[in-house]
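What follows is a set of notes on a single structure, which appears directly below.
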């Protein structure tokens, strides 16, 4: 019979390294979709999305070395930007769907990491 004591070791209650690796992978996929997706000559969109994808990769790497809240806030805003970019640059499916889903995943992961670190003292 399961007890409540097992809940204290539940994997999502503390910040784990796999979350930072997943964040870096999501950033790399966003970077790849910007470069190899059907962009129809929209160089501004490609540059903006590639920059945000690279920023997500770098933030994930920084989180592995130095765990700070500002990194997760920036990752959250990068995820929101990836979700908003299809509407800002007015490009369609399937790239629009990919960016909405990938941006939501980055933002959700950042929220999870912020929640996990809510009681942890993180010195600047």
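General remarks:
- Scan of the range 60-82 for residues that are over 11 Å from residue 106 (Cα atoms) and crowded, with 19+ Cβ neighbours inside 10 Å, ordered by number: 63, 71
- Single residue of the range 83-95 satisfying the filter (surrounded by fewer than 16 Cβ atoms within 10 Å (Cβ to Cβ) and in a helix (DSSP H, G or I)) that is modelled with the highest pLDDT: 84
- Single match in 22, 67 (criterion: within 22 Å of residue 117 (Cα to Cα) and modelled with pLDDT of 80 or more): 22
- Residues in the range 35-48 that are surrounded by 13 or more Cβ atoms within 10 Å (Cβ to Cβ) and either assigned to a loop (DSSP other than H, G, I, E, B) or modelled with pLDDT of 90 or more (or both): 37, 39, 42, 48.
- The set of residues in the range 59-76 that are in contact (Cβ under 8 Å) with a residue 24 or more places away in the chain and assigned to a helix (DSSP H, G or I) comprises 59, 60, 61, 63, 64, 69, 72, 73, 75, 76.
- Failed criterion for residue 104 (all others in (1) assigned to a helix (DSSP H, G or I); (2) in contact with a helix residue (DSSP H, G or I) (Cβ under 9 Å, 6 or more places away or on another chain); (3) modelled with pLDDT under 95; (4) surrounded by fewer than 19 Cβ atoms within 10 Å (Cβ to Cβ) hold): (3)
The values are calculated or read from the model by the stated rules, or taken from the named source; none is laboratory data. Everything quoted here is computed from the prediction, not taken from an experiment. Here the Cβ is made from the backbone with ideal geometry for all residues, glycine too, and neighbour counts use every protein chain on show.
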